[in-house]
Amino acid sequence: MRSGNLQRLYKMQDYCEKGRCLRRTIRNYFGESAPDSCGSCSVCCGNRYGTAAPSGAKTAAPKSAKKAAASAGKRTARAAAMSEEERGDLFEELRAARMDLARQEHVAPFIICSDKTLESMCDLLPTSPDAMMSVNGMGSHKVTRYGATFIGVIREALGETGDIPDMTRGRYRTNQPWTAD
């Protein structure tokens, strides 16, 4: 019994510490074959949980070309005008902002918002609280708590200046359903 537990412990330690594709390791464990690199886990993207990517490092684009083409119809004109490199840079800046918020609140980054929500921000480029409310995954509570940070990152990427409206008052702070005025 004890040696079986030790073997499981060693396997878990190996999984956590080796720089191999996490998806491949899991699939191999269950007897499935997998490519050497999935291109989407934290190891393949060069970013382990709780660490930032090395300065200047390019990680994988937030979406595959196929998914990006499928969502292009949902993008604003300004987002469609961005190159994939600019969009990838914005996504990474939003991820870094999310990581900073997560560290401040001592929670995992996905508690702040998901990658899908960040991708939606890249598609819609919200620069106001009202526009941020239309982002998938951003309700009134998250707009109130985190909206100013994400709006600031987006505005900076677009070269916009100006004050961000106070989001601690009005409809952003209530639990009532949001409606357009």
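The values are calculated or read from the model by the stated rules, or taken from the named source; none is laboratory data. Since the model is a prediction, treat every value here as computed from it, not as a measurement. Note: ideal-geometry Cβ built from the backbone for every residue, glycine included; neighbour counts use all protein chains shown.
Please enumerate the residues belonging to the stretch 123-181 that are at pLDDT 85 or above, more than 23 Å from residue 80 (Cα to Cα) and assigned to a loop (DSSP other than H, G, I, E, B).
Listed by number, the list holds a single entry, 139.
Would you point out the residue of the stretch 1-33, among those that are surrounded by 10 or more Cβ atoms within 10 Å (Cβ to Cβ), at pLDDT below 80 and outside any helix (DSSP H, G or I), that is farthest from the chain's Cα centre (by Cα)?
The extreme case among them is 18.
Looking at 71, 120 in this structure, which one is at pLDDT below 90, polar (S, T, N, Q), within 23 Å of residue 139 (Cβ to Cβ) and in a helix (DSSP H, G or I)?
Result: 71 is the single residue among 71, 120 that is at pLDDT below 90, polar (S, T, N, Q), within 23 Å of residue 139 (Cβ to Cβ) and in a helix (DSSP H, G or I).
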